[in-house]
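Have a look at this one.
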Amino acid sequence: MNPQGNQCCREFLLECAQKVGLEGAAEFLDDPNNGLQEVMEDLDKYSSNITGVPYYVLNGKVKLSGGQPPEAFLRAFEAAAN
């Protein structure tokens, strides 16, 4: 926390970044699109009905959701190869 008690002010973030040697912090904070790529990836996942982790799509046609036994992966790879 900074002396003013505000953890989220720009100056405090830049000071912390400088102390740990992080370059590009000011540019990142100033970029109105920062985080946009991550948001777009999340939107793409949810629009594809991906709600479980892990989630695999093989060759764009075979989908596996959640933890799977090795046999399920073998069947999925065989199906994706055909």
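Since every read-out is calculated from the coordinates, none of them should be taken as a lab result. Fair warning: this is a prediction, and the values are worked out from it, not measured in the lab. Counting neighbours? That spans all protein chains shown, and the Cβs are built from the backbone with ideal geometry, glycine included.
Does the chain come out rounded, prolate or oblate, given a ≥ b ≥ c as the square roots of the eigenvalues of its C-alpha gyration tensor, rounded meaning a/c under 1.5 and, failing that, prolate meaning a/b above b/c?
In terms of gyration-tensor shape, prolate.
Identify, among LEU29, ALA81, VAL53, the residue whose Cα sits farthest towards the positive end of the charge dipole of the chain, taking +1 on the Cβ of Lys and Arg and -1 on the Cβ of Asp and Glu, with the dipole about the Cα centre.
Farthest towards the positive pole: ALA81.
Along the Cα→Cβ direction, 7 angstrom out, place labels at VAL57 and LEU29. What is the inter-label distance in nm?
A separation of 3.7 nm, rounded to one decimal place.
Can you spot the aspartates and glutamates whose alpha carbon is less than 13 Å from LYS19's alpha carbon? Ignore those fewer than 8 places along the same chain.
Straight-line reach from LYS19, under 13 Å: GLU11.
Just to confirm the filter: which GluC sites (Glu not before Pro) across the stretch 13-79 are DSSP coil and have at most 16 other Cβ within 10 angstrom of their Cβ?
In loop regions of the stretch 13-79 (DSSP not H, G, I, E or B), the sparsely surrounded GluC sites (Glu not before Pro) are GLU23.
Moving to a separate point now. Tally Lys/Arg at +1 and Asp/Glu at -1 over every other residue whose Cβ is under 11 Å from the Cβ of VAL57; what's the total?
Neighbourhood net charge equals +3.
Report the extension gain between PHE12 and GLN37 in nm, rounded to one decimal, defined as 0.36 nm multiplied by the number of residues separating them, less their alpha carbon distance.
My answer for the length gained is 6.5 nm.
Additional query: Could you compute the net charge surrounding SER48? Neighbours are other residues with a C-beta less than 12 Å from the C-beta of SER48; K and R count +1, D and E count -1.
Within the 12 Å Cβ shell, the charges total -1.
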